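To start, the structure itself, in structure tokens.
Read-outs throughout are calculated quantities, based only on the coordinates presented, and are distinct from any laboratory measurement. Given the structure is predicted, the values throughout are model-derived calculations rather than measurements. With ideal geometry, Cβ positions are generated from the backbone for all residues, glycine too; neighbour counts draw on all protein chains shown.
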Amino acid sequence: MLQPAAGRWLLLLTAALTPNAVSCGRTSAPSPPSAPSPTPAERVVYANDFNGPLGTTYPEWSVGRYSWTGNAAGTIAAGSGTEAIRTIESASGTQRFLGELGGPIILQAPPYDARHFVRVDESIDLSLTGLPGHGSLTLALDLYILKSWDGNNPIYGPDRWSVAIDGERLLATTFSNNFKTGIDVSLQDYPSADSLPQTGAVAVNSLGYGFWFGDATYRLSWTLPHSASAATVTFSSSLNEGKSEQARSTRDESWGLDNVRVTIR
């Protein structure tokens with residue numbers, strides 16, 4: 001508006017100056033919108049379904065490293081060892097996978113009780129090198145929990161499983177295939193504390209281990225910030241008892257990996 005000031009008129013602009021506001025008789029053009037940052041494309045850097053010939057080993061996978069405790073009865077001393085982990089076939093003969101993991105049979109004969117049980121730990125590494133530039137990494141896999149895992153049971157367990165990338169723990173939990181009750185109750189901590197056995201599994205008893213408590217398949221994945229040119233994925237278990245199962249004399253508790261896939265962005 002116009003107002004007198006010392007014999008002169010001053011033009012006061014009272015409208016807010018926006019990109020389309022009039023200023024000194026000229027109109028400023030609206031600023032173009034900023035282009036969104038492109039989402040990096042996902043890139044597969046490792047994938048293995050382990051469907052090759054039986055007995056195949058893989059250079060990117062370490063040997064299985066296992067150790068066991070002595071038992072309270074004093075009949076077994078602590079020890080350690082390694083074993084080749086390779087493509088094997090499920091008991092049903094319908095699925096090939098990387099296994100069996102969980103450690104060998106240490107307690108060779110009865111009695112099978114808390115004083116004679118041993119705890120067997122085993123781990124295996126997947127080592128990836130030469131990764132191209134990226135800001136995140138995703139690990140996906142199928143985990144097979146086989147035979148008589150006892151979850152949080154204080155006598156026959158706890159039976160634990162974990163996975164880490166470059167030392168960063170992604171999951172540490174317990175699993176159970178044991179539906180017994182009373183003193184044998186065996187709840188698991190996946191997906192949450194004290195869940196029923198096999199909770200969260202995408203398939204149960206599909207691999208042919210019904211002769212000894214069955215099996216459960218878990219489809220797992222994690223995404224984490226990652227930019228290094230190499231990555232080491234460590235899979236581990238800690239299982240109590242260390243004996244054979246009593247139907248076919250195979251490992252009482254074991255596990256396997258399948259459809260392992262690593263992608264980066």
**Prompt:** What net charge is computed for the residues neighbouring residue 73, neighbours being all others with C-beta under 10 Å from the C-beta of residue 73, Lys and Arg scored +1, Asp and Glu -1?
**Reply:** 0
**Fill in**
When 87, 129, 138 are arranged by how many other beta-carbons sit within 10 Å of their Cβ, fewest first, they go 129, 138, 87
**Residue of 104, 191, 40 that the Gaussian network model of the chain assigns the largest fluctuation, springs spanning Cα pairs under 10 Å** = 40
**Request:** Quick one: what are the phi-derived ³J(HN,Hα) couplings along region 126-136, Karplus 6.51/-1.76/1.60 with θ = phi - 60°, whole Hz, x for glycine and proline?
**Result:** 9, 10, 10, 10, x, 5, x, x, 6, x, 8
**Request:** Just add up the charged neighbours of residue 106: K/R +1, D/E -1, any other residue whose Cβ is under 13 Å from the Cβ of residue 106.
**Result:** -3
**Message:** Show me, for region 162-168, the HN-Hα J-couplings you get by feeding each phi into the Karplus relation (A = 6.51, B = -1.76, C = 1.60, θ = phi - 60°), rounded to Hz, glycine and proline as x.
**Reply:** 8, 9, 9, 10, 6, x, 8
**Neighbour net charge for residue 55 - beta-carbon separation under 12 angstrom, K R +1, D E -1** = +1
**Fill in**
Given a Förster distance of 35 Å, the FRET efficiency implied by the Cβ-Cβ spacing of residue 105 and residue 162, rounded to the nearest 0.05, works out to 0.95
**Prompt:** Which three semi-axes in whole Å describe the equivalent ellipsoid of the chain, each the square root of 5 times a Cα gyration tensor eigenvalue, listed largest first?
**Reply:** 61, 22, 17
**Request:** Taking the dipole about the Cα centre of the chain, with the C-beta of Lys and Arg at +1 and of Asp and Glu at -1, give me whichever of 81, 221, 211 is farthest to the positive side.
**Result:** 221
**Prompt:** How far apart, in nm, are two points set 7 Å out from the Cα along the Cα-to-Cβ line at residue 196 and at residue 78?
**Reply:** 4.0
**Request:** Rounding to the nearest 20 debye, state how big the charge dipole of region 43-264 is about its Cα centre with +1 on each Lys and Arg Cβ and -1 on each Asp and Glu Cβ.
**Result:** 160
**Fill in**
Note: probe point = Cα of residue 205 + 7 Å toward Cβ; backbone nitrogen < 17 Å; residues of region 85-105 passing the test are 91-93
**Request:** Treat the count of other C-beta atoms within 10 Å as a stand-in for reagent exposure and order 222, 161 from fewest to most.
**Result:** 222, 161
**Complete:** Stretched fully, the stretch from residue 155 through residue 172 gains (0.36 nm per residue minus C-alpha distance, one decimal, in nm) 4.1 nm
**Message:** With the crude spin-label approximation of a point 7 Å out along Cα→Cβ, what separation in nm comes out for residue 67 versus residue 227?
**Reply:** 3.5
**Complete:** Checking 42, 89, 253 against a Gaussian network model of the chain (alpha-carbon springs below 10 Å), the top fluctuating residue turns out to be 42
